[in-house]
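**Student:** The structure under discussion is supplied below as structure tokens; questions concerning it will follow.
A short reminder: the numbers here are calculations on the coordinates, not readings from a lab. None of these values were measured; they are calculated from a predicted model. Neighbour counts are summed over all protein chains in view; Cβ atoms, including those assigned to glycine, are modelled from backbone coordinates with ideal geometry.
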Amino acid sequence: MAEVATPAPPLASRGLGAAGWVALACVALLALCAAVPGLLAPFEPLAIDPRGAFAPPSLAHPFGTDDSGRDVLSRVIFGARDSLTIGVTATLAGVAGGLVLGSIAGGSRSHGLGPLRYAGDRLIEALFAFPGLLLALLLISVRGPGVASVVIAVAISTAPGYARMVRGGVRQMLGAGSVEAARLQGDSGLRVWTTLVLPETMRPVLVLATLGIGHAVILAAALGFLGLGTPPPAPEWGTMLNAGRPYLTKAWWLTFFPGLAILTVGIACTVLGRALERRGQAV
């Protein structure tokens, strides 16, 4: 009997789709703002002009000016560097911590590693018991505010999610036939982990990390809004939101445009992550 060929998935399902490409373009633009803000910003972010304070959006200042006459557009562009750096660094640290913790919790019970696996499980559950923002506030209250504290706080608050995914992936792979076959062939445990277990486990985690960058930026902005992030007058989006809060009815643009930037990062990373997830499932 002739074998019936399986039709290839539609091109849209194999690519990112229209929404995915739009999200990727937004992420690329934000990355460009973070990499070379001086080429895009029309003014220096800290240059003050008291006589031009609270100027509404215009051709000269598309996003208006703040209470010190600083150009809000330039501050939003320069703020991409601080906000995205915090988001990306915290996500990478969270993924690294989740990988270590998830590997411990998902490892085999053999060779006397049962207690270590039990401790890893309990630690993941304990971290999940605290809301992410509350955990970040607790850490910053101990270390004090600042960029380093925000990065560590966001990383610790996001690491349990990655750890739980790594734990599930490791346990699934350790029982897979490919791993059993590799062990029967005499492959060492290190080789099995580096060539089979970890690559397959990290594939969905890296997709989740794309979503995590947007979440980390939003969490870092929330801490900045509470006055626990980058101190003013640094152009960090959460700090800008906090600075514009007293003038919400007088100068709406002080909070609208930084908030729009935060919203754009969150939506773009979410849409891009979902598109990458669908693309991985279609391959």
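**Student:** Mark the label point 7 Å from the Cα of Arg203 along Cα→Cβ and return the residues of the range 170-188 whose backbone N is within less than 18 Å of it.
**Tutor:** Zone members listed by number: 170-182.
**Student:** Something else about it: Give me the extension gain from Ile267 to Ala47: residue separation times 0.36 nm, minus the current Cα-Cα distance, reported in nm with one decimal.
**Tutor:** Computed gain between Ile267 and Ala47 is 76.1 nm.
**Student:** Using only the Cα atoms of the range 100-237, build the gyration tensor, take square roots of its eigenvalues as a ≥ b ≥ c, and label the shape rounded, prolate or oblate: rounded if a/c is under 1.5, else prolate if a/b is larger than b/c, else oblate.
**Tutor:** prolate
**Student:** Over the Cα atoms of the range 183-250, how large are the radius of gyration and the largest Cα-Cα distance (Dmax), in Å?
**Tutor:** When restricted to the Cα atoms of the range 183-250, Rg and Dmax are 21.8, 73 Å.
**Student:** Taking +1 at the Cβ of each Lys and Arg and -1 at the Cβ of each Asp and Glu, which of Thr195, Val179, Val95 sits farthest along the dipole of the range 80-213 towards its positive end, judged by Cα position relative to the Cα centre?
**Tutor:** Sorting the options by dipole projection puts first Val179.
**Student:** Turning to a different aspect of this structure: Mind listing the long-range amide H neighbours of Gly64? Cut-off is under 5 Å, sequence gap 5 or more, other chains count too, H placed in the peptide plane at 1.01 Å from N.
**Tutor:** Ser58, Val72, Leu73
**Student:** Using only Cα atoms, locate the centre of the range 230-283 and the centre of the range 125-140, then give the distance between them in Å, rounded to an integer.
**Tutor:** 22
**Student:** I would also like to ask the following. For the pair Gln172 and Ala31, what calculated FRET efficiency results from E = 1/(1 + (r/R0)^6), where r is the Cβ-Cβ distance and R0 = 30 Å, to the nearest 0.05?
**Tutor:** For R0 = 30 Å, the calculated efficiency reads 0.35.
**Student:** A follow-up question, please. What's the extension gain from Asp187 to Val22 if we count 0.36 nm per residue and subtract their Cα-Cα distance?
**Tutor:** 54.9 nm
**Student:** Quick check: residue separation of Thr195 and Ser58 times 0.36 nm, minus the Cα distance between them. What number comes out in nm?
**Tutor:** Contour length minus Cα-Cα distance gives 43.6 nm.
**Student:** Is any helix in the chain, taking whole DSSP H runs, at least 15 angstrom long along its axis by alpha carbon and on average at least 0.5 on the Kyte-Doolittle scale, and which ones?
**Tutor:** Span-like helices in the chain: 17-35, 72-106, 132-143, 147-174, 198-225, 253-282.
**Student:** Given axes a ≥ b ≥ c from the Cα gyration tensor, I'd like to know whether the chain is rounded (a/c under 1.5), prolate (a/b larger than b/c) or oblate.
**Tutor:** oblate
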